[in-house]
Amino acid sequence: MEGKVMQTTLRLIARFGLVFVLMAGLQVIASAQGRGRGAGAGRPAGPPSSVGVDRGISTSSDRSNGRADTGRSTASNRSNGRSDAGLDRARLREQNSQQADKDLRDHPGMAANLHTTANDLRSGYRTALLANPNLKFGQYVAATRLAANLGARNPNITRNAILAGLAAGKSIGQTLQDLGLSKQAAKDAEKRADREIKDAKHH
């Protein structure tokens, strides 16, 4: 009798266990389906990924084009500015060079009286104009004469040194003082060179 009761009890436990396992399995399946639907429903909330990328590229392109246009415009303006300045310098060099040729034609004996030649003065002046387009022919001749008069006692006073001072915006007197002469000595040297150049033009 007790054996039958035990068998019946075991059968009931087995049946309840099977039912529990089936219910647990169904619960897992339902939960998985719910998560799948939830994930699928969440996607439409935002724009498609391709739309976002296209929009970002478009915005980036617009911004880049704006900077590029501005950069090209600025570079173009700066380039044009440099080109204009270069043309002005070339034009000024040509004008000064033509004036030098005129001075040499008007005073054919000047170069010889200054112990040089017209060709040397002309070619040297044109070379100096490359560094300083504002240099006048009279300044170049004066620098040449001053170097000849002062160079023996003052080796640092050369034509190139005087021309460098003029290119830096200094006067001949200031340049001579920078090269070691006193204010009075520089003034006297200028007067002597001016007198010699005037005499050379008139002979």
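The values are calculated or read from the model by the stated rules, or taken from the named source; none is laboratory data. Every value quoted in this text rests on a predicted model; they were computed, and no experiment measured them. Note that we place each Cβ from the backbone using ideal geometry, even for glycine, and neighbour counts take in every protein chain shown.
Per-residue answers, yes or no, for (1) over 39 Å from the mean Cα position of the chain (by Cα); (2) within 24 Å of Arg91 (Cβ to Cβ):
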site: His115; (1), (2): yes, no
site: Ser123; (1), (2): no, yes
site: Ala131; (1), (2): no, yes
site: Asn134; (1), (2): no, yes
site: Phe137; (1), (2): no, yes
site: Ala147; (1), (2): no, no
site: Asn154; (1), (2): yes, no
site: Ile162; (1), (2): no, no
site: Gly169; (1), (2): no, yes
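Among the residues of segment 101-110, what is the count of those that are surrounded by 13 or more Cβ atoms within 10 Å (Cβ to Cβ) and in contact (Cβ under 8 Å) with a residue 60 or more places away in the chain?
Going through segment 101-110 one residue at a time, the tally reaches 2.
Does Leu121 satisfy being surrounded by 18 or more Cβ atoms within 10 Å (Cβ to Cβ) and modelled with pLDDT under 95?
So Leu121 does not fit the description; no.
For His202, work out the one condition from (1) surrounded by fewer than 15 Cβ atoms within 10 Å (Cβ to Cβ); (2) within 30 Å of Asp88 (Cβ to Cβ) it doesn't fulfil.
(2)
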